[in-house]
Amino acid sequence: MIDPKLRDEVREQLVKALGEPKVLWKKADLLPYTKDTYRIGFDEDYKHFPDFVVLPETTSEVQATVGIAGKHRIPLIPKGGGSNRTGMLVPIHGGIIVDTVKMAKVLEVSTPNLYVTVQPGITLKELEEHLAEHGLALNQEQGSFKVATVGGAISTAGFSRKHQKYGTIADRVMSLEVVLADGRVLRTGPKVLYTSTGYRLQLLFVGAEGTLGIITEATLRVEPLPESKDVLLAYYDDFWEGLGAAEKVMASCVTFVGGELYELGADASSGAPPDKKVAFCIAFEGTSGEVRAEVEFVRNILEEARGVLGGREEAARIIDGYTMRWCGERALLDPEDEINAYVPMERLREFYEKVWSEIVPKHGIRPVPGSRYGLDVGRYRMAYSRLYVPEGEQGWDSYRKAMSEVAQLATALGGSISGCTGVGLKHRDDLGFEFSEVALDTMWAIKRELDPQNIMNPGKKLPPRGVRNRQ
Amino acid sequence: MDSEFAEMLKVSDMCYLCRCGCCKDGCPMYAEILEETISPKGRNAVIRAVLQGVAEPDERVMRIAYSCLLCRRDEESCTARLKNADATEEFRRYLIEKGQKPLPEHAVLIKSLENYGNPWQEPKSARKRWARGLKDRRLVPGKTHTLFYVGCTFALDRTLQESPRALAKLMDMAGESYGLMLEDELCCGSTVKRIGDKRLFQKLRTENEKRIRESGVKRLVTACSGCYKTLKQDYSRLAEALELLHATEYLVLMVKEGKLRFREHKAKVTYHDPCHLGRHTEVYDAPREVLRAVPSLSLIEMKNSRELARCCGGGAGVKTAYPELSQKAAIRRLREAERTGADTLMTACPFCVQTLSDAARAVGSQLKVAELAVFLAEIAEKGSGPR
């Protein structure tokens, strides 16, 4: 928290720039902004209050906020839906949370050029609903779909269940408007999908976690709504048998929308035969002829790989159950957290064996039943698992060490620490496992160039100097 | 802590474990103000902080506690189905019991209930004004089969008194034997229950339940969704002692029994589910069924209907404490109704009628807001036996 006298002065300036209703400063109002969904240490509950939350509606109000923060060297934490899982929204140094949710306008829908321009605070769900009225879709779907904003998804380099056909948000960004730390407005380039001209500055802000600037407008590639949709479901004896089927589907020429392979857990309502422990769901979209042919083709692959086919309703139920696991079930369980590493397909078995046979038992951590193995199938493959965070300070330390060892393992196998939720605080100190000294120096050089005062979400994303070289 | 606050403790702890914020999708108050605190997730965080002594239950906390419509729309979006509305209602009671003063806007309602037995500062005798000409309908203890329980708002708000008259007309037409308590009818206590005044609610419930039971009626019909929810769910034993029907359920019965039918009426109607009638007591089909009994009437559903219906913004003391936000929520719902192309926005709750009519006037909407009984009374005919 900043000095009380300065706080009064800053409040006055913020109110003057944005108006009283868009500046929150009372303790009760700040409470929900002390955490995102990251499991911070138990002793850190209610420790990190922002000094202010502002709710700008325009780029110029964001500029004014950045100007005030820059003048007084106050941290700025850009926020979208607030569902981040790595602590990138935790105000560890106090400061101003710039909540962009009031910047939720659709500015332009271009059907002939297949793009949409939006303010960053619109949720993915709201945007898909808006686009559907124009016969278009962004095709970004994830567990936090109802609450995640476009700005948040870009800043986190969010994943999408529909990755195989439509890519992730990183593949959708055509152009951005960003308020830089010095208050200037950067337009990264024209609203074109492809150019062979300047540096692709828009990509710099994908996954930047608000450490380089505040996104105030985004132009995103969209697609026409498909004529037809379908889904296939096959059950397998265990994860490895299912993985064999997934490898065969990936090796086929079919561009499915996305595929998910996961344990069924104790959910008896799934409709799976009793000896089958794993479900493989694959989605298809396109023209009706295309979808029919692809479904037929993949169905044969699944059956040849010893799969027992399930129905569409079962598939829908399993997919809903999966959403439940990654969202609402968190409320029903003891504190738990996730692994979402990107692991090369051929090293997946080795990864999981080491995680569950070596790392996790060593630290006295329990898996969440039915959530030990999971895989997003396709080019953007991500291995995911859930585990309980042990109680107490010692438990927290064990958990942190285990997470660090998992990060080291994923990168040693040629993968990445996180294929989904970003770095934030959770993986910050482990980034040295994944990136070389030169790569991290380059990242810091970019950070210093764009944010010389280090006011843009300081303490997140990039490891401090002492913990950088871990390779 | 007292087990009567169990839901508040459970929900605030469970929500804190998840914090996904999916509840914000669909929360009518959050949609208008977009502050985390004015969302179930944010409010749960405040509840937990107050219970843990991290935050003082100050004036701002009181305002946050009373910013919820208790509409339960958010619970449809919450994957864990947390009972956020119950938690907030308990939190209000907790704050009052810990010595916080009610919001000044609500203090007026409480005072009126203490003095007059209704929240609208009307003398007890005013309760029978709507029923001039129906004096022979005074309930006869031990003889009347069906009690038409009117409720404070329908009975006392002059702009709404057409509704109880319309339902009485429909009951007459159906040849039903019913009675009215007139000036002896007492508030069900819904208002004070929702704003957390347990003492006054218990007083009203005890007296009201005594009067209803002593009347010896076998059936109670009310057109007010708030009264219906309260009598059904907050008077735990009353619903076991007699048949408790909302007017929409009752009208379906009359139609099915052939006691009532409707003339052909070419209208395009969309139906707004009141929260107390829909999500709280799960009466979704009855109003639609009775509307479908009108020949040539076209019923068009809004994008968000039944479980997903948006709240009108009029509930749980919010209209009194946050009139601007309440009106914004109402306008948002009205716009949704307009998009259906309907000419009439039908509903079955005095607060929804009031709030949506005010919104329609404020924006000059062409949409006619109608209460179900009023609409049906215009086109009803005596039935000719079972269908």
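Shape call for the protein assembly as shown from the C-alpha gyration tensor, a ≥ b ≥ c root eigenvalues: rounded (a/c under 1.5), prolate (a/b greater than b/c) or oblate?
Judged from the Cα gyration tensor, the protein assembly as shown comes out prolate (a/c at least 1.5, a/b above b/c).
Where nothing but the Cβ of Lys and Arg (+1) and of Asp and Glu (-1) is charged, how large is the charge dipole of segment B:260-382 around its Cα centre, in debye to the nearest 20?
Magnitude of the dipole: close to 240 debye.
With a point put 7 Å past each Cα toward its Cβ, work out how far A:Tyr199 is from B:Lys368 in nm, to one decimal.
Result: 6.6 nm between the two label points.
So which of A:Lys47/B:Lys83; B:Lys101/B:Lys218; B:Lys143/B:Lys319 end up more than 32 Å apart by C-alpha?
B:Lys101/B:Lys218; B:Lys143/B:Lys319
Loop-only trypsin sites (Lys or Arg not before Pro) in segment A:340-397, please: DSSP not H, G, I, E or B, and at most 16 other Cβ atoms within 10 Å.
Sites meeting the loop and neighbour criteria: A:Arg379.
Positive end of the charge dipole of the protein assembly as shown (Lys, Arg +1 and Asp, Glu -1 on Cβ, about the Cα centre): tell me which of A:Ala272, B:Thr144, B:Leu242 has its Cα farthest that way.
B:Thr144
Is the shape of segment A:306-398 rounded, prolate or oblate, going by the alpha carbon gyration tensor and its root eigenvalues a ≥ b ≥ c, with a/c under 1.5 for rounded and a/b larger than b/c for prolate?
Since a/c reaches 1.5 but b/c is at least a/b, the shape of segment A:306-398 is classed as oblate.
Treating the beta-carbon of each Lys and Arg as +1 and of each Asp and Glu as -1, no other charges, what is the dipole magnitude of segment B:318-387 about its Cα centre, to the nearest 20 debye?
180 debye
What is the distance in Å between the Cα centres of segment A:168-240 and segment A:391-456?
22 Å
How many angstrom separate the Cα center of segment B:91-150 from the Cα center of segment A:266-333?
55 Å
Report, in deg cm²/dmol and to the nearest 500, the calculated mean residue ellipticity at 222 nm for chain A, where each DSSP H run with n ≥ 4 adds -39500 (n - 2.57) and the sum is divided by the residue count.
-9500 deg cm²/dmol
For segment A:380-471, state which GluC sites (Glu not before Pro) are in a DSSP loop and have at most 12 other beta carbons lying within 10 Å of their beta carbon.
Taking segment A:380-471 and a limit of 12 other Cβ atoms within 10 Å, the loop GluC sites (Glu not before Pro) found are A:Glu391.
Which of A:Leu180, A:His427, A:Val360 sits farthest toward the positive end of the charge dipole of the protein assembly as shown, with +1 on the Cβ of Lys and Arg and -1 on the Cβ of Asp and Glu?
So the residue furthest toward the plus end is A:Leu180.
Just want the answer: with Cβ charges of +1 for Lys and Arg and -1 for Asp and Glu, which residue in A:Tyr384, A:Gly286, B:Gln366 is farthest toward the dipole's positive end in the protein assembly as shown?
The residue sitting farthest along the positive end of the dipole is B:Gln366.
Measuring from label point to label point, each 7 Å out along Cα→Cβ, what is the A:Val467 to A:Ser288 span in nm?
Taking the simple label geometry, A:Val467 and A:Ser288 are separated by 5.7 nm.
With +1 on each Lys and Arg Cβ and -1 on each Asp and Glu Cβ, and nothing else charged, work out how big the dipole of segment B:3-97 is about its Cα centre, in Debye to the nearest 20.
The dipole of segment B:3-97 has a size of about 200 debye.
Which of A:Lys105/A:Lys165; B:Lys198/B:Lys229; B:Lys232/B:Lys256; A:Lys162/B:Lys10 have a Cα-Cα distance over 25 Å?
Beyond 25 Å between Cα atoms: A:Lys105/A:Lys165; A:Lys162/B:Lys10.
Reachable lysines from A:Lys362, Cα under 24 Å, same-chain residues fewer than 8 places away excluded?
A:Lys354, A:Lys401, A:Lys426
Starting from the Cα of A:Lys71, draw a straight line to each of the lysines and keep only those under 25 Å, dropping any in the same chain fewer than 8 residues away.
Cross-link targets: A:Lys5, A:Lys16, A:Lys22, A:Lys26, A:Lys27, A:Lys79, A:Lys102, A:Lys447, A:Lys460, A:Lys461.
We did not get these values from a lab; they are worked out from the coordinates using the rules stated. Note that the coordinates shown come from a computational prediction; the quantities given were computed from them, not determined experimentally. Don't worry about glycine lacking a Cβ; one is built from the backbone with ideal geometry, like all the others, and counts go over all protein chains shown.
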